[in-house]
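Readers should treat all values here as calculations from the given coordinates under stated rules, not as data from a laboratory. Just so you know, these numbers come straight off a predicted model, no measurement behind them. Don't worry about glycine lacking a Cβ; one is built from the backbone with ideal geometry, like all the others, and counts go over all protein chains shown.
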């Protein structure tokens, strides 16, 4: 029961651990099926228990291999794990291009693991509304830890903070100038830095440089990023990586206000994006269907009106009520 009402059948199936029902719901979320909304709403009170860990970083640093190693470590600890691997979207179909489910390894018979790859839907940071909703579905399904691996797009890949309570930035030795410019992007969102491929020369130097940068930066809410080294290939340093992640989660729990404020920030960002996406969709539909908007579009193309002025007019029309109350 939720709010005095019985859960929808699909929601009940997720709660009792029906993996097929969970996969079907995720597909409906990805396809933007409006009928999934009541199910998400019914399950929302059952969320907020899982620890959500985001892993991001430039392409080629071995994020998927690191997720594999973390998965094995967490299962050895008896933790159930959900994984959301966010891939670049096809500009034509909107679907996932790389298919992380192929790269991630698991025992198909293991009920404690659920892996799903998703498309980034063209978002630079790789985090779309659907990703957040899928994370909540996994949370409601009872998974202890949810790992979110995002698109590797360098310094713009910072949206992971909008979905994860702990953000891990994965790097490798010999990134050169990229490490020196981290303050402009990834450095600002890292709770943990992981120097992967630590079996390669230069790992100690990279870790040392990151530690120096972390010591010079301003602590965010009293937390300074922790730097660890790991090798997904050799499966070394994985325990230290999880210890660092768990330490940040414990830090959030020390003062309930920290976790609450973190959650408020993420929800506020999500709500703004939901409203913005809805307004943008309606504006796009009106440009096609509304004659006035069509004329405005022609005026912009003909250079009679500039785009900013046209956008202001569309926005003004959008704010006006579409229906009027009849007076009796």
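Quick check: from the Cα gyration tensor, does the stretch 238-328 come out rounded (a/c under 1.5), prolate or oblate? Write down the numbers at each step before the final one.
Numbers: a/c = 4.53, a/b = 2.38, b/c = 1.90.
In terms of gyration-tensor shape, prolate.
State, to one decimal in nm, how far the label point of residue 263 lies from the label point of residue 19, with both points 7 Å from Cα in the Cβ direction.
Going from the residue 263 label point to the residue 19 one covers 2.9 nm.
Rounded, prolate or oblate: which one fits the stretch 190-236, using the alpha carbon gyration tensor with axes a ≥ b ≥ c (rounded when a/c is under 1.5, else prolate when a/b beats b/c, else oblate)?
Cα axes put the stretch 190-236 in the oblate bin.
For the stretch 1-64, what is the Kirkwood hydrodynamic radius in Å, using each pair of distinct C-alpha atoms?
13.8
By average Cβ neighbour count within 10 Å, what is the ranking of 228-237, 307-316, 38-47 from highest down?
Order by mean packing, descending: 228-237, 38-47, 307-316.
Return an integer: the convex hull volume of the alpha-carbon atoms of the stretch 195-300, in Å³ per residue.
Once divided by residue count, the hull of the stretch 195-300 is 208 Å³.
Which three extents, in whole angstrom, do the alpha-carbon atoms of the stretch 266-319 cover along their principal axes, largest first?
Dimensions of the stretch 266-319 along the principal axes of its Cα atoms: 42, 20, 17 Å.
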